[in-house]
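Structure first, commentary second.
The values are calculated or read from the model by the stated rules, or taken from the named source; none is laboratory data. The model shown is predicted, which means the values in this text are computed figures rather than measured ones. Using ideal geometry, Cβ is built from the backbone for each residue, glycine included, and neighbour counts are taken over all protein chains shown. We work out accessible area using only protein heavy atoms, side chains counted, and drop any ligands, DNA or RNA first. Shrake-Rupley method; radii C 1.70, N 1.55, O 1.52, S 1.80 Å.
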Amino acid sequence: MLAVTVCVYIFAVIGAGRQQAEAVATQISDPRRDAAERPGAAPIATTLARAVRHSITETLAVTGSLVAREEDVVGAEVDGLRIVEMLADVGDRVEEGQVLARLDSTMLRTQLAQNTAMIAITQASVAQMNASLTEMQANEAEAAETLKRTQTLNATGAISPAHLLTRETQAKVAAAKSAAAAENLRMAEAQEAFAEAQRGEIELKIARTELKAPSAGIISHRAARLGAVAGTGGEPLFRLVRNGQIEFDAEVPETVLPQIEPSQDVEVWLPGVSEAVIGHVRLVDPTVDKSSRLGRVAVALPPHTAMRAGVFARGSITIGKRQAITVPLSAVSFSKNGTYVQLATNDVVEIRNVQTGLKRGTRVEIVDGLIEGQEVVVRAAAFVRPGERILPVRSDAGPGRAD
């Protein structure tokens, strides 16, 4: 009997303790809500912000690499000559026509001397053939004149037919010798022209022993080695970034390529550089890679000391700007029924479903559901419910930029 009495007493104590704990928990769970539910309770102080119009900048984040806008290559145009002098190296800024390296021209200069002698011989031959032609032409003229006189005398009967035949034969032989001399002269002149052409070829090869920059720029690669034998095939000896122009080669998903146009502004962040380099879209590639489904966008950049071809970079392409109604991002709530804000109308809270757009910094665009000037609860998690009256504390962000 005593044991039953003790058990009943313990259960009573536990029940009383539980009721007291529930009362205390109810009392301290939310004093402001309890105060608001009591008749005549004071309104809850709540921070509000207006829906204001801001300038929204729509951007697209991209990645890619820095590349040379135009690249020139310099290679040997004469086979089998050794590199005997190096005058430029990677990183050097060169001017158009500047000599980068020299090849051994000793053999070519020997050929040039031989050609000079050959030209002298052909010129002497031309002079000799010219003199011979003059002599043959004179003999031809003399024979023709003698034949003419003989034909005149033959008409009077003073010359025998045999004598006339002899004169005719002499005239034909003189004409043939004159024609042969003319052909010999043309042959000598052709040999002289051939020797002159050979000289031009040798001089061109000698000029090409100097490897020159085709344009002003910066040397980005050098394969030339002192003492190596240069060839017309294989890897170029030098590569130049024309005019030092480096651009950002961005990779863009095919779904957003239609939104990108030339001249759009682009912010490019380089490794180790705190500030963005501002460029603009120069070219939108009309093709898309079949495997990656990415398109290429070329972004022109101003000169910068940190730019190197091949460096990875990040970019932000400005694809549009517009004026839009925005509210603080903290004022927007998300639920299974959609997106909403707590709208304050005449200091009374109500729920308003909204459609959001771009998010920029601490503000978000409201595409539908609010009009400019309406006030919303800054913190959507505030202890206020629809229909409650509040004490507004206004903390508006004035019109400006939301980008």
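Which of (1) closer than 30 Å to residue 97 by Cα; (2) in contact with a Lys or Arg (Cβ under 8 Å, 6 or more places away or on another chain); (3) surrounded by 16 or more Cβ atoms within 10 Å (Cβ to Cβ); (4) not aromatic (Phe, Trp, Tyr) does residue 227 not meet, given it meets every other one?
(3)
Of all residues in the range 142-156, which are open to solvent by less than 60 Å² (accessible area, probe 1.4 Å) and not β-branched (Val, Ile, Thr)?
If the condition is that a residue be open to solvent by less than 60 Å² (accessible area, probe 1.4 Å) and not β-branched (Val, Ile, Thr), then 143, 144, 147, 154 are the ones that fit.
Answer yes or no as to whether residue 246 is over 30 Å from residue 205 (Cα atoms), β-branched (Val, Ile, Thr) and touching a Pro at 6+ places or on another chain (Cβ under 9 Å).
Yes.
Of everything in the range 230-283 that's in contact with an Asp or Glu (Cβ under 6 Å, 6 or more places away or on another chain) and outside any strand (DSSP E or B), which residue is most open to solvent (accessible area, probe 1.4 Å)?
232
Matching residues to (1) within 60 Å of the chain's Cα centre (by Cα); (2) in a helix (DSSP H, G or I); (3) of a type in the set (A, V, I, L, M, F, W, C):
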| site | (1), (2), (3) |
| --- | --- |
| 146 | no, yes, no |
| 150 | no, yes, no |
| 167 | no, yes, no |
| 173 | no, yes, yes |
| 180 | no, yes, yes |
| 189 | yes, yes, no |
| 194 | yes, yes, yes |
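How many of the residues making up the range 119-129 are loosely packed, with under 15 Cβ neighbours inside 10 Å and of a type in the set (S, T, N, Q)?
Number satisfying all stated conditions: 1.
Scanning for something in contact with a strand residue (DSSP E or B) (Cβ under 9 Å, 6 or more places away or on another chain) and hydroxyl-bearing (Ser, Thr, Tyr), does the range 211-229 turn up at least one residue?
yes
Please work out if residue 292 is farther than 30 Å from residue 65 by Cβ, in contact (Cβ under 8 Å) with a residue 24 or more places away in the chain, surrounded by fewer than 18 Cβ atoms within 10 Å (Cβ to Cβ) and of a type in the set (Ser, Thr, Tyr).
Considered against the rule, which asks whether it is farther than 30 Å from residue 65 by Cβ, in contact (Cβ under 8 Å) with a residue 24 or more places away in the chain, surrounded by fewer than 18 Cβ atoms within 10 Å (Cβ to Cβ) and of a type in the set (Ser, Thr, Tyr), residue 292 comes out as no.
For the range 173-185, check the following and say yes or no: at least one residue is charged (D, E, K, R) and touching a helix residue (DSSP H, G or I) at 6+ places or on another chain (Cβ under 6 Å).
yes
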